[in-house]
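*Asks:* Mind looking over this structure? Questions follow.
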Amino acid sequence: MTLHHEETTQASLGEEVMSRTSVPAAHQDHDDQDPDHAHAFEWREALRILFVALAATAVWFHLWEPWATVSVIGVAGVLVGGWPIFKEAFENILARRMTMELSMTIAIVSAAAISEFFTALVITLFVLVAEVLEDMTVSRGRRAIRDLLDFLPRAVAVRRAGAISEVDADSLAVGDAVLVNPGGRIPVDGTVIAGHSFVDQARITGESLPIEKTAGASVYAGSINQSGALEISTERIGRDTSYGKIIKAVEQAERSRAPIQRLADQMAGYLVYLAIGAAILTFLITRNIYSTISVIIVAGACGIAAGTPLAILGAIGRAARAGVIIKGGLFLEQLGKVDTVVLDKTGTLTIGKPEVQAVLPCSGVTSEALLDAAASAELRSEHPLGKTVVAYAQAQGRLLSEPERFGYAPGRGIAAVVAGEVVLVGNQALMKDHGIAVSDDLLAKHREASEIFVARGGQLLGAIAVADSIRPEARQAIDTIHRMGIKTILLTGDAKVVADVVAQQLGIGEVAADLMPEDKLNYVKHLVANGRSVAMLGDGVNDAPALTAATVGVAMGSGTDVARESADVVLLGNDLVKFTETLALARRTRRIIWTNFAGTIVVDAVGVGLAAFGFLNPLFAAFIHVASEMAFILNSARLLPAGAKDDDEGVIVASRAGATVPGGFTNVTAAIVRK
């Protein structure tokens, strides 16, 4: 059965999303009104169902039958109970849509026409109960996503021109200093200016444990500040925030229709034709009106007509709660068909930030002496590798000397004078230019590392291995992808030797290195042209063309805006395991939908056969129709996100925190507030 309240629900949700041009806030006025409307709807349907049930009971016991030929109570029960069914059937006929309401209308009217009012009333009762149960199930799916819209605070405390004031969230601007109490909800994406706290960002990144936040740490809109006061510099607001991206995905998912959903609608229409055609054939052969009515009743397509969009909606909502934005049902369906995963290296499989892997001194030289010489020489350097060496030395507590002179040779390295001695830090070419011999074995165990040799006073001190670290979850993610039977390919613009080492560590069999952006694009296009269903993971501007060319483009949340906009799926938490979980979710969604398809066809075929040969009476046929329909809808409902008890508690705590006087932030750095 189609949901007669679905269009209204979708429209209201769409309007609600569109109305949030800035930061989505908890619209209390709407919330105050909506429950009343919901209760009115429930009571109206409950009264209608109760009336039909009482009418059926009265007809069964012949409580009041003033006329022998027609049951007054039966007619009243059919008219009152069947009105929403008849109305929707008529509207669907005008719209040239074949739905189960039409076949149910024919069955109810036919039963009443032959004075089988009890049968007509029981069929009506089954249909009404099924519609309510179906509506409740689908509404749960919409509520699971709707709560995303109602989570951020409307009133926000900000510090402007030295004064603290409470402003409407819609008036926030980039650069504002936002103040968040313990238990409060963070309204913007930004960087912590002052304060110390632990933040629950499970809604955004899917991380199960609260993350410690101090000055300089990034925070996301939609997170819950748990233990301490924070002052945050606003970087992104409204739809530009990570939370806003989730809402945008919800909006797109609400409007989009996956190909399999269109197939479900077409199949539902065909099954209605089948039911009516089989009923006509049954009557022509058997002349048995009961068998004819049973044939019409038993055939149902509601399990796929309502179950398919419910499964897609539930999967997108579940992914969003885990920190994965899927920008529509089409991409969810395509993700479920993926047989090849193409991965960029830097920023995708690796963290995208160079780190010191090892300090490798020559014989007779200490690690400390090597590190001190290199870091002191690099102290004025702006090169990322130089900054990495300096940061590492400072983290080790080394006292560095300011270089007296500093010179940079592009493509080679630096030459500096430290404590009166010339210190060279750079690649093998720099050492060769100064007549310093370098052993090939020095970096033999770190082939993936950049060449950083260090010499002082004409003598080689050793080497420092600096490389991008592989994400800790990368190996687990690749292994999971392989267990799914999916092929993995590494595409990178980095050197072949570096790419080979990373691929070997992660178990990736196929590697293409030294690629320009157009080379990545052509590689992905070639795979798609050869019939592969490709998911491309990337994070940079150079990945954007390939992301667009892939069957499904997946961007890391920490990547560039260009990459995120080009992608069909965004991993907000940069966790590759979340990608594998989303792959599994997409496959599970596809299995559930096709199970519903197959089950509907089998139940209808067997049911129509049994009804045509007189083995099913109308009442039993109605029971089979409703039971099978609810079984398939509940099968789809397994994909809905679980109720988030912790989130609800967070909302209550945040509401209380929101009532705190903003003046409590006059010295946010003075103390850490603990629960």
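*Asks:* Would you confirm, using the coordinates I've provided, whether Gly407 is under 28 Å from Gly352 (Cα atoms), in contact with an Asp or Glu (Cβ under 6 Å, 6 or more places away or on another chain), outside any loop (DSSP other than H, G, I, E, B) and not basic (Lys, Arg)? I'd like the intermediate steps shown before the answer.
*Replies:* Values: under 28 Å from Gly352 (Cα atoms): yes; in contact with an Asp or Glu (Cβ under 6 Å, 6 or more places away or on another chain): no; outside any loop (DSSP other than H, G, I, E, B): yes; not basic (Lys, Arg): yes.
Against the criterion (under 28 Å from Gly352 (Cα atoms), in contact with an Asp or Glu (Cβ under 6 Å, 6 or more places away or on another chain), outside any loop (DSSP other than H, G, I, E, B) and not basic (Lys, Arg)), Gly407 does not qualify.
*Asks:* I've got another one for you. Restricting to segment 54-72, what's the tally of residues that are under 23 Å from Glu131 (Cα atoms) and either touching a helix residue (DSSP H, G or I) at 6+ places or on another chain (Cβ under 6 Å) or modelled with pLDDT under 90 (or both)? Talk me through it step by step, then tell me what you get.
*Replies:* Of the residues in segment 54-72, the ones under 23 Å from Glu131 (Cα atoms) are 54-57.
Within this subset, residues satisfying the condition of being either touching a helix residue (DSSP H, G or I) at 6+ places or on another chain (Cβ under 6 Å) or modelled with pLDDT under 90 (or both) are 55-56.
So the answer is 2.
*Asks:* Something else now. Across segment 280-339, what is the total count of residues that are part of a helix (DSSP H, G or I), small (Gly, Ala, Ser) and farther than 18 Å from Leu640 by Cα? Steps first, please.
*Replies:* So in segment 280-339, the residues part of a helix (DSSP H, G or I) come out as 280-286, 289-298, 302-305, 307-321, 329-335.
Those left that are additionally small (Gly, Ala, Ser): 291, 294, 303, 305, 307, 311, 314-315, 317, 319-320, 329.
Now restrict to residues that are farther than 18 Å from Leu640 by Cα: 291, 294.
Adding up the residues that qualify gives 2.
*Asks:* So which residues in segment 186-200 are within 13 Å of Arg236 (Cα to Cα) and not in a strand (DSSP E or B)?
*Replies:* Passing the criteria: Ile186, Pro187, Val188.
*Asks:* Just to be sure, is Arg483 of a type in the set (Lys, Arg), over 22 Å from Pro410 (Cα atoms) and open to solvent by 40 Å² or more (accessible area, probe 1.4 Å)? Give the steps one after another, and end with the answer.
*Replies:* Numbers: of a type in the set (Lys, Arg): yes; over 22 Å from Pro410 (Cα atoms): yes; open to solvent by 40 Å² or more (accessible area, probe 1.4 Å): yes.
When the stated conditions are applied, Arg483 passes them.
*Asks:* In segment 49-86, what residues are open to solvent by 90 Å² or more (accessible area, probe 1.4 Å) and of a type in the set (S, T, N, Q)? Walk me through how you get there before you give the answer.
*Replies:* Taking segment 49-86 and keeping what is open to solvent by 90 Å² or more (accessible area, probe 1.4 Å), we get 50, 54, 60-64, 67-69, 79, 83.
Selection gives Thr69 alone.
*Asks:* Which ones in segment 426-445 are more than 17 Å from Leu370 (Cα to Cα), open to solvent by 40 Å² or more (accessible area, probe 1.4 Å) and outside any loop (DSSP other than H, G, I, E, B)?
*Replies:* Lys432, Asp433
*Asks:* Still on this model: Looking at segment 627-641, which of its residues are surrounded by fewer than 23 Cβ atoms within 10 Å (Cβ to Cβ), touching a residue at least 24 places away in the same chain (Cβ under 8 Å) and more than 22 Å from Arg321 (Cα to Cα)?
*Replies:* Ser628, Met630, Ala631
*Asks:* A follow-up question, please. Hey, Glu404 hits all of (1) surrounded by 14 or more Cβ atoms within 10 Å (Cβ to Cβ); (2) on the phi < 0 side of the Ramachandran plot but one; which does it fall short on?
*Replies:* Here Glu404 clears every test but (1).
*Asks:* What is the one condition in (1) open to solvent by 10 Å² or more (accessible area, probe 1.4 Å); (2) modelled with pLDDT under 85 that Leu585 does not satisfy?
*Replies:* With (1) open to solvent by 10 Å² or more (accessible area, probe 1.4 Å); (2) modelled with pLDDT under 85 applied to Leu585, the lone miss is (2).
*Asks:* Go through segment 428-459 and give me each residue that's within 24 Å of Thr350 (Cβ to Cβ) and of a type in the set (Lys, Arg).
*Replies:* Listed by number, the residues that qualify are Lys445, Arg447.
*Asks:* Among residues belonging to segment 87-116 that are modelled with pLDDT under 80 and not in a helix (DSSP H, G or I), point out the one that is most open to solvent (accessible area, probe 1.4 Å).
*Replies:* Arg96
*Asks:* Which count do you get for residues in segment 247-268 that are at pLDDT 65 or above, buried (at least 16 other Cβ atoms within 10 Å of the Cβ) and in a helix (DSSP H, G or I)? Spell out how you get there, then give the answer.
*Replies:* Our first condition is that a residue be at pLDDT 65 or above; within segment 247-268, this holds for 247-248, 258-268.
Add one more test, that the residue is buried (at least 16 other Cβ atoms within 10 Å of the Cβ), and what stays is 247, 258, 260-261, 264-265, 267-268.
The next check asks that each one be in a helix (DSSP H, G or I); those that pass are 247, 260-261, 264-265, 267-268.
Qualifying residue count for the region: 7.
*Asks:* Okay, next question. I'd like the residue in segment 200-226 that is modelled with pLDDT under 90 and β-branched (Val, Ile, Thr) and, out of all such residues, is nearest to Met556 (Cα to Cα).
*Replies:* Restricting to residues being modelled with pLDDT under 90 and β-branched (Val, Ile, Thr), the top hit is Thr205.
*Asks:* Just checking, which of Ala393, Ala416, Ala315 is out of contact with any Cys (no Cβ under 7 Å at 6 or more places or on another chain), more than 28 Å from Gly493 (Cβ to Cβ), surrounded by 21 or more Cβ atoms within 10 Å (Cβ to Cβ) and without any contact (Cβ under 8 Å) to a residue 24 or more places away in the chain?
*Replies:* Values: Ala416 fails: without any contact (Cβ under 8 Å) to a residue 24 or more places away in the chain; Ala315 fails: without any contact (Cβ under 8 Å) to a residue 24 or more places away in the chain.
Answer to the selection: Ala393.
*Asks:* So which residues in segment 446-491 are of a type outside the set (Gly, Ala, Ser), modelled with pLDDT of 85 or more and part of a loop (DSSP other than H, G, I, E, B)? Show your work before the answer.
*Replies:* Within segment 446-491, the first condition is being of a type outside the set (Gly, Ala, Ser), and the residues that meet it are 446-448, 451-454, 456, 459-461, 464, 466, 468, 470-473, 475-476, 478-484, 486-491.
Going one step further and asking which of them are modelled with pLDDT of 85 or more, we end up with 452-454, 456, 459-461, 464, 466, 470-473, 475-476, 478-484, 486-491.
Passing the criteria: Ile452, Arg471, Pro472, Glu473, Met484, Ile486.
*Asks:* Against the definition (closer than 22 Å to Thr582 by Cβ, surrounded by 21 or more Cβ atoms within 10 Å (Cβ to Cβ) and touching a Ser or Thr at 6+ places or on another chain (Cβ under 6 Å)), how does Ala477 come out, yes or no? Can you show your working first?
*Replies:* Numbers: closer than 22 Å to Thr582 by Cβ: yes; surrounded by 21 or more Cβ atoms within 10 Å (Cβ to Cβ): yes; touching a Ser or Thr at 6+ places or on another chain (Cβ under 6 Å): yes.
Yes; evaluated as a whole, the condition is true for this residue.
*Asks:* Looking at segment 512-567, which of its residues are open to solvent by 10 Å² or more (accessible area, probe 1.4 Å), part of a helix (DSSP H, G or I), at pLDDT below 85 and of a type in the set (Asp, Glu)?
*Replies:* Passing the criteria: Asp561, Glu565.
The values are calculated or read from the model by the stated rules, or taken from the named source; none is laboratory data. Since the model is a prediction, treat every value here as computed from it, not as a measurement. We place every Cβ from the backbone using ideal geometry, glycine too, and count neighbours over all the protein chains shown. Just so you know, the surface numbers come from the protein's heavy atoms only, side chains and all, with ligands and any DNA or RNA stripped out. Shrake-Rupley method; radii C 1.70, N 1.55, O 1.52, S 1.80 Å.
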